[in-house]
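Visitor: Below you will find the structure I want to go over with you.
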Amino acid sequence: MKKSIVFLVLLVAISLLAVFMPAVPTTIVTEGISAGDTAWMLCAAALVLLMTPGLAYFYGGMIDTKNIITTMLQSFIAMGVISVLWIVVGFSLAFGDSVGGFIGNPSTFFMFQHVLDGKPWSLAPTIPLVLFAFFQLKFAIITPALITGTFAERIRFKAYILFLVLFSLLIYAPLAHWTWHPDGFLFGWGVLDFAGGTVVHMSAGFAALAASMYLRNKTEKKATIAPANIPFVLLGTGLLWFGWFGFNAGSALSAGTLAASAFATTNTAAAAAGLAWILFDAARGKKPSAVGFCIGSVVGLVAITPAAGFVTIPSSLFIGTFAAIISNVVVHWKSKTTLEDTLDVFPCHGVGGLVGMIMTALLANQGVNAANTTGNGLFFGDTALFFVHMKALVIVIAFTFFGALLLLKVVDLIFGLNVTAEEKKTGSDFSQHGENLFPLDFTMKEEVA
């Protein structure tokens, strides 16, 4: 109760601080702003936000009935927490004036100063800066939400909130700065990450690997979870696939040929990966399943994300197929280990993002994107991009994995991460939130209590 009051007071204080910040100048920058680009990017930002509710349905459908609400809430609460955090300091840390190429100056856009009236972002000169900032916010929201599939049903809600904040500030923001800020050191090296292979998917995937190792209980038999609601999984996949067009095509930051190309490669990779997943399952003697197609499609979307604006449409067909097979193999391998990655976040997002970055280094084509000054991929005879990506991937993996382990340890010391055995038996929906999917279950549990 006392901690809740502290957080409420903090939120009120932040709100009051925003009220008394310096007034916005009356002059708003309009020179060079394109109405068409602005309209498209408003739509793209909305599409990317839709992915987080889509993720909630995707994960919620895969978990058992007593943990559906808390699993879905973990995605929705990220929309609230990260939105506020991004306004206060997150955008500054990711895209503020660079401090040595590693992090943004937190005072550059503190409390969104100079965002509404500031000059457009240098790499998005035809849309307002505030629109670029909110487009990037949607990426910041979904990244930590992706990790929730790893510790579904096993983490305390307040511990998750603290991890959400720390991950966003100390892992996501630096990675975004390194990769997408013109002065970021990975950007300077020539790393090509069109829409978040490293920043979003590898960071979430390798943080998930860290969580699955940290939270595993060697004294308990690893639980096997049957999806509670496969139509939820199908609905979530549809929303993710639809929203991903904003995720990837929107990362062109304008309405033009590059956005159209990224749109096409996104759809192609998802389709190929979904088919490859169920065909690979069938080749191993399993029945083609709805869940299998959904997981495969998402893996294809993950893998094409860094490459979407740098490869041809035929290349995306190969990327989706190859990524699905590799991730399927890793899922099968993981099932034989003690890793507690409940919804296979590492095999799908960590491995999928890694494959996508490698495929970008192999298949990038300067004819697709003239802004690619690093060179063509290895398959076209250039070596520079490939070696730059290999070096960058080692850094991103180490930073994300060990950084997440440290954050998990800090949160564990402060709040304790794991729910108790009794809470796990009851289900997080009731024990953490006092809610249940079915009212009858709620009544019965109140009577028992």
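The values are calculated or read from the model by the stated rules, or taken from the named source; none is laboratory data. Worth saying up front: this structure is predicted, and the values here are computed from it rather than measured. Counting neighbours? That spans all protein chains shown, and the Cβs are built from the backbone with ideal geometry, glycine included.
Visitor: Could you grab the pairs with beta carbons closer than 8 Å, sequence gap of 6+ or different chains, first residue in segment 160-174 and hydroxyl-bearing (Ser, Thr, Tyr), second one not in a helix (DSSP H, G or I)?
Guide: Between residues of segment 160-174 that are hydroxyl-bearing (Ser, Thr, Tyr) and residues that are not in a helix (DSSP H, G or I), the close pairs are Tyr160/Thr148; Tyr160/Phe151.
Visitor: Also: Restricted to segment 93-146, and to residues that are in contact with a His (Cβ under 9 Å, 6 or more places away or on another chain) and among the hydroxyl-bearing types (Ser, Thr, Tyr), which residue is surrounded by the most Cβ atoms within 10 Å (Cβ to Cβ)?
Guide: Of everything passing the filter in segment 93-146, Thr143 is surrounded by the most Cβ atoms within 10 Å (Cβ to Cβ).
Visitor: From Ala210, Ala145, Ala133, Ala140, which residue is under 18 Å from Ala398 (Cβ atoms) and outside any loop (DSSP other than H, G, I, E, B)?
Guide: Numbers: Ala145 fails: under 18 Å from Ala398 (Cβ atoms); Ala133 fails: under 18 Å from Ala398 (Cβ atoms); Ala140 fails: under 18 Å from Ala398 (Cβ atoms).
None of the other options fit; the residue is Ala210.
Visitor: For segment 257-283, which positions are touching a residue at least 60 places away in the same chain (Cβ under 8 Å) and out of contact with any Phe, Trp or Tyr (no Cβ under 9 Å at 6 or more places or on another chain)?
Guide: Answer for segment 257-283, where residues must be touching a residue at least 60 places away in the same chain (Cβ under 8 Å) and out of contact with any Phe, Trp or Tyr (no Cβ under 9 Å at 6 or more places or on another chain): Leu258, Ser261.
Visitor: Restricting the first residue to segment 303-320 and requiring it to be over 12 Å from Phe194 (Cβ atoms) and at pLDDT 95 or above, which pairs with a second residue that is assigned to a loop (DSSP other than H, G, I, E, B) and not hydrophobic (A, V, I, L, M, F, W, C) meet a Cβ separation below 7 Å and a spacing of at least six or different chains?
Guide: Listed by first residue and then by second, the contacts come to Thr312/Asn365.
Visitor: Let me ask something additional. Restricted to segment 175-185, and to residues that are of a type outside the set (A, V, I, L, M, F, W, C) and either touching a residue at least 40 places away in the same chain (Cβ under 8 Å) or assigned to a loop (DSSP other than H, G, I, E, B) (or both), which residue is surrounded by the most Cβ atoms within 10 Å (Cβ to Cβ)? Walk me through how you get there before you give the answer.
Guide: Let us first name the residues in segment 175-185 that are of a type outside the set (A, V, I, L, M, F, W, C), namely 177, 179, 181-184.
Those still in the list that are either touching a residue at least 40 places away in the same chain (Cβ under 8 Å) or assigned to a loop (DSSP other than H, G, I, E, B) (or both) too: 177, 181-184.
On the way: His177: 26, His181: 24, Pro182: 12, Asp183: 16, Gly184: 23.
Checking each candidate, the answer is His177.
Visitor: Residue check, Ala249 against (1) under 26 Å from Leu137 (Cα atoms); (2) surrounded by fewer than 23 Cβ atoms within 10 Å (Cβ to Cβ), all met but one. Which one?
Guide: (2)
Visitor: Same structure again: Please state which one of Gly375, Gly356 is under 28 Å from Gly256 (Cα atoms) and part of a helix (DSSP H, G or I).
Guide: The match here is Gly356.
Visitor: Within segment 374-412, which residues are surrounded by fewer than 16 Cβ atoms within 10 Å (Cβ to Cβ) and of a type in the set (Ser, Thr, Tyr)?
Guide: Thr383
Visitor: If you scan segment 227-238, which residues turn out to be assigned to a helix (DSSP H, G or I) and surrounded by fewer than 20 Cβ atoms within 10 Å (Cβ to Cβ)?
Guide: Step one: filter segment 227-238 for residues assigned to a helix (DSSP H, G or I), giving 230-238.
Ile230, Pro231, Leu234, Leu235, Gly238, listed by residue number.
Visitor: Of these, Ala324, Ala371, which one is at pLDDT below 95 and over 18 Å from Thr150 (Cα atoms)?
Guide: On inspection, the qualifying residue turns out to be Ala371.
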